[in-house]
Amino acid sequence: MGNTLYKLHLARIVPVLCLVTSVTWAADPPKPATAMAAPASAAPMTAIEYPDWLFPLIPKELPAPPPAKPAADKADAPKPEEELLDIPGSTEKFPLSRINDAFNPPDWRPASHGPMPDVVAKGRKPDVMACAFCHTPTGQGRPENSALAGLPAAYIKQQLLDYRSGRRKGVGPDTYLPVQNMLKIAKAMTDKEIDESAEYFSQQKLKRRVYVIESLRIPRAEPAAWIYYEHGGTEDLGDRMLEVTQDLTRHERRDDRLEYLAYVPPGAINRGKRMVLGGEGKTVACTQCHLANLKGTDQIPPIAGRSPTYLLRQMLAFRNGDRVNEHSAQMNPVVEKLTMADMIDIVAYVSSQYP
């Protein structure tokens, strides 16, 4: 990663320092045969407001290419050639117009995956953007959406169907477009497109992409392009969890191997570990459904090493009743007694594990 700010925090990285990534999908497990009994709840769950810091809103997109000037004499004159852009570790080059094309997104490493279904590679105009545009051709996702790689096909399919039926709602403000776009896309997808995309992404392998770092002070983070980027200077982290990029250009060029940093409060990983493995009297151990290695089953999603931003949003969604289906009730005893601080601790541990 290399920059000075990162080195200042390297000493704080816990021994289990790992990379993670951020479908816009999260844990929604079916009931296991031997689920642990949940702590008794004296009252119905009270919703926790979605914090503003979990949804960075200021879009700072890369500048659009200048419009081509029409030829004075020939209407069919060729347009000026666009500059070809690249990213580290790829021999491919694309113009900015292709990088920003939601119906023909860049494939920087075509040898790293098999043939993409049309819905993944191109989408279907005008309503179904290409899945690869947000989630990348290998399903690695980005902090503003989610990683689909390695999720069970049945699970991905169910989430898309729940979006389409309205049982799974969007989280965060209406102005947070990554979430709102997913809602629109899912409602427009056909059964065939849902099946093909679910099968394809289930065959991809999730890579390690985020370092989880415990720290009281962090590099100053500013919102840009629906995420945070390090901007120079420092600030107090406080009671937040922030996932940031150190290279906004590579992020906006949709590099699926770009690594991110997730800053969490000191002690978060160990506190989260105790709740994930044993419940600590506050929750049901995550291992009861997602298994000891948190890598799930053919029906239950793996959660180890996934984006802490995404996981935290989904825990809040379960607690606030924004994810409702026949399986979501199994998450109620997990989240009903948790505070925001508890949930940050849990996702800090889960995301620090090897995916």
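The values are calculated or read from the model by the stated rules, or taken from the named source; none is laboratory data. Note that the structure is predicted; figures quoted are calculated from it, not measured. Every residue, glycine as well, gets a Cβ built from its backbone with ideal geometry; the counts of neighbours run over all protein chains shown.
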Q: Output yes when any residue across the range 247-255 is in the same structural domain as Arg142 (by TED's automatic domain parsing) and either over 26 Å from Thr297 (Cβ atoms) or touching an Asp or Glu at 6+ places or on another chain (Cβ under 6 Å) (or both), and no when none is.
A: no
Q) Residues in the range 342-353: is at least one surrounded by 24 or more Cβ atoms within 10 Å (Cβ to Cβ), of a type in the set (Phe, Trp, Tyr) and more than 25 Å from Leu183 (Cα to Cα)? A) yes
Q. Do we find a residue being farther than 29 Å from Trp53 by Cβ, surrounded by 18 or more Cβ atoms within 10 Å (Cβ to Cβ) and touching a Pro at 6+ places or on another chain (Cβ under 7 Å) anywhere in the range 173-191?
A. no
Q: Considering only the range 135-150, state which residues are in a loop (DSSP other than H, G, I, E, B) and over 8 Å from the mean Cα position of the chain (by Cα).
A: Thr136, Pro137, Thr138, Gly139, Gln140, Leu148, Ala149, Gly150
(Q) Within the range 242-281, take every residue that is over 24 Å from Asp101 (Cβ atoms) and of a type in the set (S, T, N, Q) and give me the one that is modelled with the highest pLDDT. (A) Asn270
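Name the residues in the range 155-182 that are among the aliphatic types (A, V, I, L, M) and assigned to a helix (DSSP H, G or I), would you? Walk me through it before giving the result.
Filtering the range 155-182 down to residues among the aliphatic types (A, V, I, L, M) leaves 156, 160-161, 171, 177, 179, 182.
Matches in the range 155-182: Ile156, Leu160, Leu161, Leu177, Val179, Met182.
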Q: Run down Gly170, Gly141, Gly123 and say which single residue is touching a strand residue (DSSP E or B) at 6+ places or on another chain (Cβ under 6 Å), buried (at least 16 other Cβ atoms within 10 Å of the Cβ) and among the small types (Gly, Ala, Ser).
A: Gly141
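When you go through Trp108, Trp53, Trp25 one by one, which is the residue that is part of a loop (DSSP other than H, G, I, E, B), modelled with pLDDT of 95 or more and either in contact with a Ser or Thr (Cβ under 7 Å, 6 or more places away or on another chain) or aromatic (Phe, Trp, Tyr) (or both)? It would help to see each step written out before you state the result.
Values: Trp53 fails: part of a loop (DSSP other than H, G, I, E, B); Trp25 fails: modelled with pLDDT of 95 or more.
Unique residue meeting the criteria: Trp108.
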Q.
Quick test of your reading of the structure: Tyr163 fulfils all but one of (1) within 18 Å of the chain's Cα centre (by Cα); (2) farther than 28 Å from Glu259 by Cα; (3) at pLDDT below 95. Name the failing condition by number.
A. (3)
